[in-house]
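The values are calculated or read from the model by the stated rules, or taken from the named source; none is laboratory data. Here the structure is a predicted model, which means the values were calculated and not measured. Cβ atoms come from the backbone with ideal geometry, glycine included; neighbour counts cover every protein chain shown.
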């Protein structure tokens with residue numbers, strides 16, 4: 001049996017408060033067809049389809065060191081670990097309460113995970129202190145805040161706003177941090193809003209290549225709403241745009257392949273090395 005653990009980074013244990021306060025106003029939700037159960041806040045930012053899409057887009061092998069930025073309650077990283085088995089998982093989250101929920105979600109699901117309370121935009125020295133030195137990771141995954149405050153109404157809920165609203169340099173800073181952590185040939189996978197694809201490509205232009213892009217549509221009649229992007233540190237292969245993923249079929253019902261993926265029975269083409 002493998003148990004979740006918490007790092008000793010200041011914040012995770014010392015700033016969370018009593019567990020009764022952490023669990024107040026939370027729900028327990030089933031993912032991967034019930035194979036993963038996660039405790040998360042009842043309001044504010046909540047994990048859902050985006051996290052499961054991200055997890056299903058990643059190729060990781062047993063023994064890989066995998067780092068999730070902005071992990072929240074750990075949904076994407078823990079879903080990946082449930083699918084792939086014995087990876088060395090590190091969950092990075094700025095909010096101490098969410099980090100504590102991630103730690104306990106890992107333990108409750110018997111998944112080994114080291115949880116670090118850390119701002120992804122912090123200096124390199126802070127990462128080193130948290131055990132995340134340069135060239136240490138095989139895989140980085142991220143679902144950064146991606147709404148533009150100038151174009152979207154900002155939620156009065158501070159936690160929800162910080163999880164969804166990006167500053168001008170958010171994406172570039174997150175990708176810069178991932179480039180520092182990844183080994184040569186390591187893989188970054190991220191999910192972003194589709195109309196911001198040019199921002200993703202610009203940020204990846206420094207140090208990444210061999211891009212694979214998967215547009216995600218609600219249905220065939222609507223423009224893509226998300227893009228999943230896989231990039232290789234130092235990669236030199238041409239960029240590929242994959243066949244779009246439709247969440248719903250022509251009749252408006254959930255796509256059967258997507259339903260299998262959400263149940264943990266299938267992966268996305270990006271998960272193929």
Checklist entry - Taking strands (runs of 3 or more DSSP E) that fall entirely within the stretch 23-112, which contain at least 3 residues that are touching a strand residue (DSSP E or B) at 6+ places or on another chain (Cβ under 8 Å) and closer than 26 Å to residue 136 by Cα? => result 65-69, 88-93
Checklist entry - Considering only the stretch 96-116, how many residues are under 12 Å from residue 81 (Cα atoms) and buried (at least 24 other Cβ atoms within 10 Å of the Cβ)? => result 2
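Residues are listed down the side, and each one gets a yes or a no for (1) assigned to a helix (DSSP H, G or I); (2) over 18 Å from the mean Cα position of the chain (by Cα):
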position: 227; (1), (2): no, no
position: 231; (1), (2): no, no
position: 237; (1), (2): no, yes
position: 252; (1), (2): no, yes
position: 259; (1), (2): yes, yes
position: 267; (1), (2): no, no
Checklist outcome for this item: Of (1) closer than 16 Å to residue 182 by Cα; (2) over 10 Å from the mean Cα position of the chain (by Cα), residue 108 fails just (1)
Checklist entry - Tell me, which helices (runs of 4 or more DSSP H) wholly within the stretch 115-202 include 2 or more residues that are modelled with pLDDT of 95 or more? => result 124-129, 170-181
Item to check | Qualifying position, being at pLDDT 95 or above and under 14 Å from the mean Cα position of the chain (by Cα), among 38, 78 | outcome: 78
Checklist outcome for this item: Expected single match for more than 19 Å from residue 187 (Cβ to Cβ) and out of contact with any helix residue (DSSP H, G or I) (no Cβ under 9 Å at 6 or more places or on another chain) among 220, 237, 224 is 220
